Amino acid sequence: MNQPCLKLTTYFGERQRAVADARRPGFLADAMLNLFDTRDIATSVMMRGVASFGPRHVLRTDESLSLSEDPPVAIAAVDVESKISALVDDVVAMTGSGLVTLERARLVGGGDVIDNGNSDGVKLTVYVGRQERIGGLPAYRAVCDLLHRLGFSGGAAFLGVDGTAHGVRYRAQFFSRNVNVPMMIVAIGTAAQVSAAVAELSGATANPLLTVERVRVCKRGGELLARPHRLPDVDEQRRPLWQKLMVHTSEATGYHGVPIHRALVSRLLDSGMARGATALRGVWGFHGDHEPHGDKLFQLARRMPVVTIIVDTPEWIARSFDIVDELTGEHGLVTSEMVPAVVTISDQDRDGDGSLAHHDY
């Protein structure tokens, strides 16, 4: 199955409406997922965020009433390059304000050997249904147990509230088991660990959807291993290059008494050195030597995993990383990766066109 694909991710407010179009009235998220359903996209997942700010530099957190009314969302869609490339213009056209990213990945299956050809790490993403089970356990918990047993640096499972699975749309509803509503598990490991995980998962599930991407592990357990790659601003064709940081922490770990993800989003906003950031809360996961965990009854502190995503130019990522490094001095897993295309949208202003940059590093 080892074949190239693209991941298209859009960040915006859940109650944002689609740009006026007689064919696509209503909320942007609904219009976008209808589009993915119509185009038979292999998988897409809509996830609600807990804290964010964007180019307008307005902070939104779940500690405020406004977020409960209009939380930030991220919608990720994955399929072969030709199908995702054909979506970009439509997604940008219907989005009044937000951020759209395109990232290269590979769809993999049983028997595929993962070889990234360098010393960097590998990001494995596993898509499962909410109520899918593996070996008697909920699939997302079974996957996290497997990843932890294989020695992955970390992994987090995110609950989807809407999305598509193998080209069919499934929406979460009250009074429903929501069996097929997709979930996304993101994990960081070595090429050998990912190869082993892919082999086991391909044998344990009927029709798994697994992707791999190259990442650099910058920090693990508070230890600085490497800074993000120093990338040029543009490739040889003058197409802009972008970078992404992903900061894996837990709600139970803090910085000066504040959960790390809240302190991080606030510091990045105050610094003026970041275009935006979004924190997504998982339902189960781990990093480092900690056993996989999530929310449980009768505990004093929430222990759910949180991933904070920062997308920016290489110059500003280098500056933002100094803040990330400070706040993750004792806890957390931090990765960086190249993003070949970004479109920022603010009302009538568009920056970027979705053309994929190429750069060997």
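Filter segment 330-353 for residues that are modelled with pLDDT of 95 or more and out of contact with any Ser or Thr (no Cβ under 7 Å at 6 or more places or on another chain) and give the result. Once the filter is applied, which keeps residues that are modelled with pLDDT of 95 or more and out of contact with any Ser or Thr (no Cβ under 7 Å at 6 or more places or on another chain), segment 330-353 yields 335, 336, 337, 338, 340, 343. The residues of segment 123-149 that are surrounded by fewer than 18 Cβ atoms within 10 Å (Cβ to Cβ) and part of a loop (DSSP other than H, G, I, E, B), listed by number, are 131, 135, 136.
When 191, 226, 199 are checked against the criterion of being more than 20 Å from the chain's Cα centre (by Cα), surrounded by fewer than 23 Cβ atoms within 10 Å (Cβ to Cβ) and touching a residue at least 60 places away in the same chain (Cβ under 8 Å), 199 stands alone in meeting it.
Across segment 140-171, the number of residues qualifying as closer than 25 Å to residue 249 by Cα and either within 19 Å of the chain's Cα centre (by Cα) or β-branched (Val, Ile, Thr) (or both) comes to 16.
Taken together, the residues in segment 176-214 that are assigned to a strand (DSSP E or B), more than 16 Å from residue 287 (Cα to Cα) and of a type in the set (A, V, I, L, M, F, W, C) amount to 5.
The values are calculated or read from the model by the stated rules, or taken from the named source; none is laboratory data. Worth saying up front: this structure is predicted, and the values here are computed from it rather than measured. Don't worry about glycine lacking a Cβ; one is built from the backbone with ideal geometry, like all the others, and counts go over all protein chains shown.
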